Amino acid sequence: MEITITKSDFEQALPVGAAANDSVYESVKSALGRQLAFSNAVLLGVAGMAYLEEKGEDSPLMKWYKQLVCLSAFLSVLRQLDLVLTPTGFGVVSNDNLAPASKQRVDALEGALRTQYWRTLAMTLNQLRSENWGATEQARRFIDHLYDEYTFFFETHRNATYTDWNNYKTTVEEAEEMLRTKMGDRQMDDILDAFRRADPNRLEPYREVISCIIRFTDMWAVKGAATLKQPVYRRLMRILESEDNQEYFKLYRESASYKANHHDTFKNTKDSAGYVFNG
């Protein structure tokens, strides 16, 4: 399918209070074309394009995707434009009687746009989660953790900025790496795969674990490794260890992590090969 970014699409993509005029749209038009082609290939891929076409022109996914492309394109050329900012919007300096906006105001605009970009990416990815797209390299690249942009901006840190998210990524990576050592890579990867595909049947037994992982991550941001002593971690492990859940978490039970979690401590008895006589 062919996706077209109109001036109306461009205006709707900007933060509230920023009404772009024709001069801005025309200045960004070539960047819009480049960014659209890039996003079609890198984010959507063949499966994403097919899913977008299936959802249709008026779908929430299409609206979020167009907004994402517009924001990305505008940010790519923002510093090249001589912007004039007013209380009702902004435009491009067109004559000698207009002075470009101050660096401080442009910095503030850029910050707002970058935050809006990450929030829009979060919504776009959440809408893209589906059986075919979720199995692609694009899905694995953009949704590489269960604690994703959508969780951060719309569930746990609703007033956060893009700098907050950039700083939080290390927490997400550290917390997941610790949990991978406890449940095994194959089990974590299977939960991630079900999440990317938005498979309701596979996700149902994982929902409580995913909730625990999210809470574990937020606690890790505050307590670090001490989170392993908190109730949320014990709750997570009880779910994994439950005999009622052994079929759902078979990959965990087959892992080296499971063996490590159930390693029997050495007992110094006369029958032990390493028996030590203490007199």
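Screening ARG202 on (1) in contact (Cβ under 8 Å) with a residue 40 or more places away in the chain; (2) open to solvent by 20 Å² or more (accessible area, probe 1.4 Å); (3) within 26 Å of GLY45 (Cα to Cα) shows it passes everything except condition (1).
Could you give every pair whose Cβ atoms fall below 6 Å, whose first residue belongs to the range 108-121 and is farther than 15 Å from GLN12 by Cα and polar (S, T, N, Q), and whose second residue is open to solvent by 30 Å² or more (accessible area, probe 1.4 Å) and part of a helix (DSSP H, G or I), counting only separations of at least 6 or pairs across chains? Every condition considered, the pairs that remain are THR115/TYR162. From the list THR171, THR151, THR124, the one residue that fits, being without any contact (Cβ under 8 Å) to a residue 60 or more places away in the chain, part of a helix (DSSP H, G or I), open to solvent by less than 60 Å² (accessible area, probe 1.4 Å) and of a type in the set (S, T, N, Q), is THR171.
The values are calculated or read from the model by the stated rules, or taken from the named source; none is laboratory data. This structure is a prediction, so every number in the text was calculated from the model and none was measured. Backbone-built Cβ (ideal geometry, glycine too); neighbour counts: all protein chains shown. For the accessible areas, the whole protein counts, side chains as well, though only heavy atoms, and no ligand, DNA or RNA atoms are used. Shrake-Rupley method; radii C 1.70, N 1.55, O 1.52, S 1.80 Å.
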